[in-house]
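Just so it is clear, none of the values below were taken in a lab; they were calculated from the coordinates. The structure presented is a predicted model; accordingly, all values stated were derived computationally and were not measured. When we count neighbours, we look across all protein chains shown, and the Cβ atoms used for this are built from the backbone with ideal geometry, even at glycine.
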Ligand SMILES: Cc1ncc(COP(=O)(O)O)c(C=O)c1O
């Protein structure tokens, strides 16, 4: 079995985690928390990093600490993982969706995409949440520009994009360093992991302080006196210890992800199927794609079988894959109007042809950092041999 993604724990993870147990610092106080936060802030090129217990709570906390709540609206791509939108719902705000770019699969920032986004800005709009999908940075300049024009916050969902870079008007910047606040996930399949975990990064001193307050029940100096609603979103010292060890390896882990993607690209190009059934992931000239997941699109007509059939056949051969995200406007929780702050009727009626196509045609292939060339070749050979409907007994 070639799993779709496994963590790569090749450094001091065990030693540091054991240190927490041996020194009795297993909860959310201890030296590794601060060390991980400082190390991650330096890595991103920002002033502050605030560790939390997962990427979803990072997004919720960033929104809540930025003052976003009931009656507000946040613009987000429809092609994303549910957590981006759930975090908006938790605050009481309403997600407002836009379509994806056909090449980067991120929020559409072409002139027509920005025009459509602008048409969705109302008096209630408070923020835009670009999501760096599968490790390719969003084209941030058009988003930052429109946000500035309308006095909106930009909160990056960088859950999938540790180390990805964008070359824009501010020079080369890492994902996470381009907005008011950015959120990362350290779930086990992420480029670096803490098992479960998340981080909010920001240059804003006041916001950083609020994030620290709200992640810890909004405790005041006089303990057990609370002026406002807080949360228990704390990361444990054990998680942070694993994070510190992972951070020591981050450049290597990113380089491996990129190397694997290039290896996939090369083998697929050699197969002659690129543009004839298979679309490869892109890397724009202004981008450093870290290929968190190596995703491809399958055009049923030219490839011969559908993405779903391909996934089933690969599974039979011991190759695990995952479908691309199903866009928010297709989610039953919104279509069935279960939540008063769910997607508006207008948003549900709107068209999102790119996101629809990505959901129909997109899958990601095994993407662990420690994947071997031989495993990549096995996967590519299996995909290629299934082209043109070569499904036996199917
Ligand atoms: C785009 C995006 N945002 C947010 C999250 C949430 O992160 P977590 O699973 O750590 O809560 C994920 C998780 O995979 C994600 O892919």
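Things to note:
- Note on residue 124 and residue 141: the model spin-label points, each 7 Å out from Cα along the C-beta direction, lie 3.4 nm apart.
- Length-normalised contact order of segment 1-124 in % [C-alpha pairs under 8 Å, at least 6 apart]: 16 percent
- For the chain, the C-alpha radius of gyration sits at 0.99 times the compact-globule guess of 2.2 N^0.38 Å, with N the residue count.
- Take the Cα of residue 346, step 7 Å toward its Cβ, do the same at residue 9, and the gap between the two points is 5.0 nm.
- Cα gyration tensor category, rounded, prolate or oblate, for segment 251-389 with a/c compared to 1.5: prolate
- The residues 151, 217, when put in order of fewest to most other Cβ atoms within 10 Å, stand as 151, 217.
- Between the beta carbons of residue 150 and residue 203, assuming R0 = 25 Å, the FRET efficiency works out to 0.75 to the nearest 0.05.
- Ordered by the count of other Cβ atoms within 10 Å of each Cβ, fewest first, 263, 244 give 263, 244.
- Mean separation of Cα contacts under 8 Å, 6 or more apart, over the residue count of segment 251-389: relative contact order %: 36 percent
- Inter-probe distance in nm under a simple model that places probes 7 Å from Cα toward Cβ, at residue 172 and residue 259: 2.0 nm
- Put simply, the convex hull of the Cα atoms in segment 1-124 casts, on average, a shadow of 11.7 nm².
- Residue 274-residue 306 FRET efficiency (beta carbon distance; Förster radius 22 Å; 0.05 resolution): 0.75
- Potential extension, residue 219-residue 373 segment - 0.36 nm per residue separation minus Cα distance: 50.3 nm
- Ordering 206, 379 from the fewest to the most neighbouring beta carbons within 10 Å gives 206, 379.
- Ranked by the mean number of other Cβ atoms within 10 Å per residue, highest first, peptides 165-176, 67-78 order as 67-78, 165-176.
- Helix-derived mean residue ellipticity, 222 nm - over the chain, DSSP H n ≥ 4, -39500 (n - 2.57), to 500: -11500 deg cm²/dmol
- Segment 371-389 versus segment 293-331: alpha-carbon centroid distance in Å: 14 Å
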